[in-house]
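Reviewing the structure listed below.
Every number here is computed from the coordinates shown, using simple stated rules; none is lab data. Everything numeric in this text was worked out from a predicted model, so none of it was measured. All Cβ positions, even for glycine, are placed from backbone atoms using ideal geometry, and neighbour counts span all protein chains on display.
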Amino acid sequence: MKLPVDIKDFAYITSRKLPNEQGEKSGAVFMWRRKGEEEFNYKLKCPHCGEEQESSVVFKKRPYRVKCSNCDKSIMVEKLGKK
């Protein structure tokens, strides 16, 4: 998996802290998609079990959800909006 180099090459890039079931920010995700590609790449630290992993996925719709390969929980990457 290639790591991002120049931000101009990307259609989507985000880095977020992820909450566990108690609402504590114990996980993180770094996700990106290059221009012209459908597949998203991500590095994830699961907020539920702490497992670190990286993979790629094609999303059909928002909100984006990645699945932990260790605990099998679905983790939502919410759309950022005005608060």
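Of all residues in segment 42-56 being outside any loop (DSSP other than H, G, I, E, B) and over 10 Å from the mean Cα position of the chain (by Cα), which is farthest from Phe10 (Cα to Cα)?
To start, the set of residues in segment 42-56 that are outside any loop (DSSP other than H, G, I, E, B) comprises 42-45, 52-56.
Pick out the ones that are also over 10 Å from the mean Cα position of the chain (by Cα) and you get 52-53.
Details: Glu52: 23, Gln53: 21 Å.
The qualifying residue farthest from Phe10 (Cα to Cα) is Glu52.
Look at Ser69 and say whether it is within 16 Å of Tyr12 (Cα to Cα) and of a type in the set (Gly, Ala, Ser). So that I can check it myself, show each step before the final result.
Values: within 16 Å of Tyr12 (Cα to Cα): no; of a type in the set (Gly, Ala, Ser): yes.
For Ser69, the condition - within 16 Å of Tyr12 (Cα to Cα) and of a type in the set (Gly, Ala, Ser) - is not met.
Mind checking whether some residue in segment 60-67 is surrounded by 11 or more Cβ atoms within 10 Å (Cβ to Cβ) and part of a loop (DSSP other than H, G, I, E, B)? Lay out the reasoning, then the answer.
Of all residues in segment 60-67, those surrounded by 11 or more Cβ atoms within 10 Å (Cβ to Cβ) come to 64-67.
Checking which are part of a loop (DSSP other than H, G, I, E, B) leaves us with none.
No: zero hits.
Go through segment 29-41 residue by residue and tally those that are surrounded by 15 or more Cβ atoms within 10 Å (Cβ to Cβ) and either part of a loop (DSSP other than H, G, I, E, B) or touching a Lys or Arg at 6+ places or on another chain (Cβ under 9 Å) (or both). Give the steps one after another, and end with the answer.
Keep residues of segment 29-41 that are surrounded by 15 or more Cβ atoms within 10 Å (Cβ to Cβ), which gives 29-34, 40-41.
Remaining after also requiring either part of a loop (DSSP other than H, G, I, E, B) or touching a Lys or Arg at 6+ places or on another chain (Cβ under 9 Å) (or both): 29-31, 34, 40-41.
Here the count works out to 6.
Mind checking which residues of segment 68-83 are loosely packed, with under 12 Cβ neighbours inside 10 Å and part of a strand (DSSP E or B)?
Listed by number, the list holds a single entry, Ser74.
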